[in-house]
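Colleague: Okay, handing you the structure first.
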Amino acid sequence: MADINLSVLYIFAVSSLGAYSIIMAGYSSHSRYSFLGSLRAAAQMVSYEVALGFVIICVAICSGSLSLTSIVLAQNEIQSI
C-alpha cells in the first residue's frame, strides 16, 4: 500500500460517497416518500460524519500529520510516556 500524506482526507472523501448512493436509490424508485426517506437518511449520515470528522481532526492535530502512518507512530510515542 502507498503511504499518502493526506490519507485522512482521502478516507473522508470516500466515506462521504455513500450518501449519494442512498439519494439516487430513493430518487430512482419514483416515489415521493422513498425519496424523502432517502434524503433523511443521507442527512443523518452527514451529521454523523461531521462528529466523526471532529474526532479525527483532533487526533490529526495531536499527531501533527494527516498521514495514517504518522498517526500510528504518534500513538506509539504517547503510550511509552
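A quick yes/no check of all residues on (1) out of contact with any Lys or Arg (no Cβ under 6 Å at 6 or more places or on another chain); (2) among the hydroxyl-bearing types (S, T, Y); (3) not in a helix (DSSP H, G or I):
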{"position": "A13", "(1), (2), (3)": "yes, no, no"}
{"position": "A19", "(1), (2), (3)": "yes, no, no"}
{"position": "A25", "(1), (2), (3)": "yes, no, no"}
{"position": "H30", "(1), (2), (3)": "yes, no, yes"}
{"position": "S38", "(1), (2), (3)": "yes, yes, no"}
{"position": "Y48", "(1), (2), (3)": "yes, yes, no"}
{"position": "I61", "(1), (2), (3)": "yes, no, no"}
{"position": "I71", "(1), (2), (3)": "yes, no, no"}
{"position": "N76", "(1), (2), (3)": "yes, no, no"}
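Colleague: Go through segment 15-28 and count every residue that is surrounded by 13 or more Cβ atoms within 10 Å (Cβ to Cβ), more than 21 Å from A51 (Cα to Cα) and hydroxyl-bearing (S, T, Y).
Modeller: Matching residues across segment 15-28 total 1.
Colleague: Among the residues of segment 1-10, how many are loosely packed, with under 14 Cβ neighbours inside 10 Å and part of a helix (DSSP H, G or I)?
Modeller: Residues in segment 1-10 being loosely packed, with under 14 Cβ neighbours inside 10 Å and part of a helix (DSSP H, G or I): 2 in total.
Values quoted throughout were computed directly from the atomic coordinates according to the rules given, and no laboratory measurement underlies them. Given the structure is predicted, the values throughout are model-derived calculations rather than measurements. So basically every Cβ, Gly included, is an ideal-geometry build from the backbone, and we count neighbours across all protein chains shown.
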